[in-house]
Amino acid sequence: MKELEIAKTEVVSLLNTLIKEYKVFAPVGQNGFITFQEIHSGSEAFLDYINSKKPPKEIFFPQSERLFSYDLSKGEGWSVEEPASEKKQRIIFGIRPCDARSLVLLDNVFDGQLYKDPYYSGKRKNTTIIAIGCNQPSSTCFCTSLGGGPFSQDGSDLILVDIGQKYIVQVVTEKGKKLAKKHNEFKEAEDNSLSLMRDTIETAEALIKSKIEVQKVTEKLDSMFDDPFWDLVSEKCLGCAVCTYLCPTCYCFDITDEVTGQRGERVRTWDSCAFPNFTLQASGVNPRPSSKERLRQRIMHKFNYFVANHGMAACVGCGRCIKECPVNLDIQVVLNSILNR
Amino acid sequence: MLNTSVAIRDIAKKLLDEKRVDLIIGFEKGSVPLRSTPCFVRSTSEADRLIWNVNCENNLAKYLPKTKERVAIVAKGCDVRSIIGLIKENQVTREQVFIIGIPCKGMIDRRKIEAKLDGKEIIEAEEKDDTIILTGNNLREIIKKEEFLHNSCKTCTHRNPVIYDVLIGDKVVEDQAVDEYREVKEFEAQSHDERWRSFSDEVSKCIRCYACRNACPFCYCQECFVDSSQPQWIGKTTNLSDTAIFHIVRAFHIAGRCVDCGSCDRACPMGIDLRRLTKKMEMDVKDLFHYEAGISLEDMPPLATFNPDDPQEFMMV
């Protein structure tokens with residue numbers, strides 16, 4: 001479908017219309033940073049941002065999620081109650097292309113051929129993704145090394161390109177097309193707008209200076225499991241979960257029971273390979289006893305095992321882990337060091 | 001700062017050359033502006049990586065309980081106080097550690113700078129005397145360091161290392177006038193409901209990443225209570241009941257040990273004011289036991305000892 005356009009002044013009214021029909025999530029400023037939250041008025045959306053602190057993956061895979069609750073108190077037998085599935089259609093408006101792309105990676109895990117997670121795939125199915133490309137990528141962005149880009153369409157249904165007074169709208173999927181057709185804020189794009197769009201995209205792509213040969217990293221890692229490199233690179237790692245919890249593609253979780261008397265809930269919570277308990281076995285043995293094995297797992301999983309299993313690296317180059325690591329353990333530095341081994 | 005860097009490198013080379021230590025723990029240039037990063041040097045050829053600047057915010061004492069080697073460590077006033085605590089808690093011996101003490105005028109809080117720039121990105125930051133020159137796209141700004149210090153640095157009363165094996169640079173003037181507990185007292189003056197609301201607002205931001213715990217030199221328990229599964233003391237969710245318990249217990253566990261280095265505060269990606277509780281603990285310990293952590297190797301930590309005349313008004317009989 002040919003590109004559309006929408007005037008920036010129309011965005012709030014579009015969002016207000018969408019809110020009537022959909023549950024709309026958008027970037028919102030709170031506590032001095034951006035998070036994705038459900039908005040109840042179009043003016044709550046803050047679209048002039050670099051990226052959110054927490055990735056929007058939690059809209060599909062919340063940090064803690066009740067899988068079901070149970071009650072043994074009713075004498076004979078016991079009852080199990082599943083959470084009601086979300087009926088209302090949802091929209092994420094203003095997600096960045098890297099984060100939209102992270103959903104494609106997560107689909108491999110939660111909505112793949114072998115296994116379908118009902119909690120994730122239910123939400124995924126009823127959500128339309130409207131991304132806004134990045135005119136001004138951050139210096140920590142390296143999406144182009146991972147097969148993405150500041151205007152990558154992967155994972156988006158519609159993608160907006162900011163050309164100043166208006167957004168050019170690229171229609172990526174049928175789902176996106178349907179939505180765009182329904183709302184008259186979207187108009188056919190003018191020709192001169194399209195050339196502006198192409199310039200914008202080109203300029204933004206050129207701004208991403210970092211180029212890591214990820215395929216070579218993957219190959220190198222094949223024979224690096226026992227490399228003393230891991231001792232050195234992990235030395236400063238604190239073993240916290242900043243990198244994994246703020247990562248749009250990390251998906252490991254734990255399952256625990258929250259029990260009060262005879263009633264309880266089974267809860268799924270994010271877990272991290274950086275934590276000591278992540279691989280602690282019932283026997284007391286821990287096959288990943290130190291930060292060396294844990295950091296190696298993080299890198300291996302993202303850039304070797306996931307590639308073997310799903311044909312792509314489990315990283316979108318958003319740079320959150322680089323920005324927020326308390327000791328500046330920079331994943332790009334790690335990847336470049338691997339290439340230089 | 002260049003002179004300090006050079007002096008650190010010189011002493012590092014000397015110590016390694018003379019085989020007095022196996023390892024130097026210091027800082028090297030970070031990968032992004034306004035960041036330095038911990039650096040582990042085991043040979044003289046690597047020593048030139050070592051640097052010193054206003055971004056050396058991490059407390060490297062964190063790495064001591066792990067090591068079996070003889071270590072030289074680059075340490076600011078607060079870091080030295082942590083080292084004293086770790087020695088007293090038998091996590092490292094005094095003989096094992098060579099302290100390269102550095103008088104400190106405070107470290108820069110990059111998040112405060114970023115907040116001021118309103119989304120403009122810093123591509124380069126250059127330290128010059130009392131200022132930092134920031135450059136980036138549509139950005140050239142000169143800022144005063146003292147306006148962007150970490151909160152813990154702003155109330156610091158021990159900028160000079162209290163013990164050291166070598167001191168690099170001249171001692172700096174300690175701030176005698178600062179009321180380091182002003183914010184705690186303001187917090188205490190609020191009503192019960194206000195305090196609970198503001199505490200709840202803070203810990204509600206928590207994502208349970210444990211960066212605060214893991215950055216803290218005194219969080220070295222083999223198994224943290226939050227990680228225990230038998231029994232499982234607290235839930236794993238980000239519900240207020242879980243996050244509140246985590247932060248309250250952590251604050252209690254470092255009472256009388258915390259030196260207010262601010263590591264927890266700096267590590268938190270969500271901007272939680274973690275010092276609100278820890279500073280209160282510090283003030284209470286000072287009031288009740290006249291004890292300040294990390295000042296002397298000799299005095300006994302108040303919560304590790306008993307005196308018949310210990311205050312006990314707070315006990316419920």
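Quick note: the coordinates plus some simple rules give every number you see, no bench work behind them. Keep in mind that what you see is a predicted model, and the values were worked out from it rather than measured. Cβ: placed from backbone, ideal geometry, glycine included. Neighbour counts: every protein chain shown.
The table that follows gives values for the structure above.
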| read-out | value |
| --- | --- |
| GNM flexibility winner over chain B from B:Val172, B:Val74, B:Val162 (Cα, springs under 10 Å) | B:Val172 |
| Tensor-based shape of the stretch A:129-271 (alpha-carbon gyration tensor, a/c under 1.5 rounded, otherwise prolate or oblate) | oblate |
| 3J(HN,Hα) from dihedral phi, the stretch A:59-73, Karplus parametrisation 6.51/-1.76/1.60, rounded to Hz, x for glycine, proline | 5, 10, 9, x, 4, 9, 9, 6, 8, 6, 10, 9, 9, 9, 7 |
| Cβ-based exposure ranking for B:Tyr63, A:Tyr167, B:Tyr291, in which fewest neighbours within 10 Å come first | B:Tyr291, B:Tyr63, A:Tyr167 |
| Fraction of the pair-distance distribution of chain B above 38 Å, Cα-Cα pairs, percent | 16 percent |
| Residue-by-residue Karplus 3J(HN,Hα) for the stretch A:14-21, coefficients 6.51, -1.76, 1.60, Hz, glycine and proline x | 4, 4, 4, 5, 4, 4, 5, 9 |
| Gap separating the Cα centres of the stretch B:223-241 and the stretch A:193-208, nearest whole Å | 49 Å |
| Estimated 222 nm signal from helices in chain B, with DSSP H stretches of n ≥ 4 weighted -39500 (n - 2.57), rounded to 500 | -9000 deg cm²/dmol |
| Anchor A:Lys116: aspartates and glutamates whose Cα lies under 12 Å away (excluding residues fewer than 8 positions away in-chain) | A:Asp107 |
| Inter-chain Cβ neighbour average for residues A:237-246, partner chain, 10 Å | 6 |
| Among A:Arg320, A:Arg263, A:Arg298, residue whose mean-square fluctuation peaks in a GNM of chain A (springs only between Cα atoms under 10 Å) | A:Arg263 |
| For the stretch A:122-148 and the stretch A:1-80, distance of Cα centres in Å | 16 Å |
| The stretch B:119-175-the stretch B:244-270 distance, computed between alpha-carbon centres (Å) | 23 Å |
| Candidate aspartates and glutamates for bridging to B:Lys66, where Cα separation is under 12 Å - those fewer than 8 sequence places away on the same chain excluded | A:Glu235 |
| J(HN,Hα) series, the stretch A:320-325, from Karplus relation 6.51 cos²θ - 1.76 cosθ + 1.60, nearest Hz, glycine and proline x | 4, 5, 6, 5, 9, 4 |
| Rh by Kirkwood over Cα pairs, then Stokes-Einstein D for the stretch B:1-114 at 1.306 mPa s and 10 °C, µm²/s | 111 µm²/s |
| Among B:Ser198, B:Ser152, B:Ser228: highest mean-square fluctuation, GNM of chain B, C-alpha pairs under 10 Å | B:Ser228 |
| Estimated inter-spin distance, B:Asn138 and B:Gln312, nm [label 7 Å along Cα→Cβ] | 6.7 nm |
| Footprinting exposure proxy for B:His158, B:His247 (fewest neighbouring C-beta atoms within 10 Å first) | B:His158, B:His247 |
| Pair A:Asp227, B:Asp130: separation of 7 Å Cα→Cβ label points (nm) | 4.8 nm |
| Those trypsin sites (Lys or Arg not before Pro) in the stretch A:180-221 that DSSP places in a loop and that have at most 10 other beta carbons within 10 Å | A:Lys209, A:Lys211 |
| Excluding exposed DSSP-loop GluC sites (Glu not before Pro) (at most 10 other C-beta within 10 Å), longest clean stretch of chain B | B:96-297 |
| Exposure proxy order (Cβ contacts within 10 Å, fewest to most) of A:His310, A:His40 | A:His40, A:His310 |
| Prolate/oblate/rounded label for the stretch B:68-204 (Cα gyration tensor, a/c 1.5) | oblate |
| Sequence-distant residues sharing a close amide H with A:Thr128 (under 5 Å, placed H) | A:Arg90, A:Ile91, A:Ile92 |
| Descending Cα extents along the principal axes, the protein assembly as shown, whole Å | 77, 69, 54 |
| Mean shadow area of the stretch B:28-94, taken as a quarter of the surface of its Cα convex hull (nm²) | 4.9 nm² |
| Approximate spin-label separation A:Val333-A:Lys74, in nm, with each point projected 7 Å along Cα-to-Cβ | 5.8 nm |
| Per-selection Kirkwood Rh - chain A (Cα, Å, 1 d.p.) | 21.7 Å |
| Helical mean residue ellipticity (222 nm; -39500 (n - 2.57) per DSSP H run of 4+; nearest 500) of chain A | -8500 deg cm²/dmol |
| Pairs of Cα atoms farther than 26 Å apart, the stretch B:199-317, % | 26 percent |
| Of A:Lys2/A:Lys88; A:Lys211/B:Lys236; B:Lys154/B:Lys286; A:Lys236/A:Lys323, those spanning more than 26 Å from alpha-carbon to alpha-carbon | A:Lys2/A:Lys88; A:Lys211/B:Lys236 |
| Residue mean of other protein chain beta carbons inside 10 Å, B:293-300 | 0 |
| Trypsin sites (Lys or Arg not before Pro) within the stretch B:161-209: DSSP coil, no more than 13 neighbouring Cβ in 10 Å | B:Lys171 |
| Angstrom value of the Kirkwood radius, inverse mean 1/r, which spans all Cα pairs in the stretch A:1-106 | 16.3 Å |
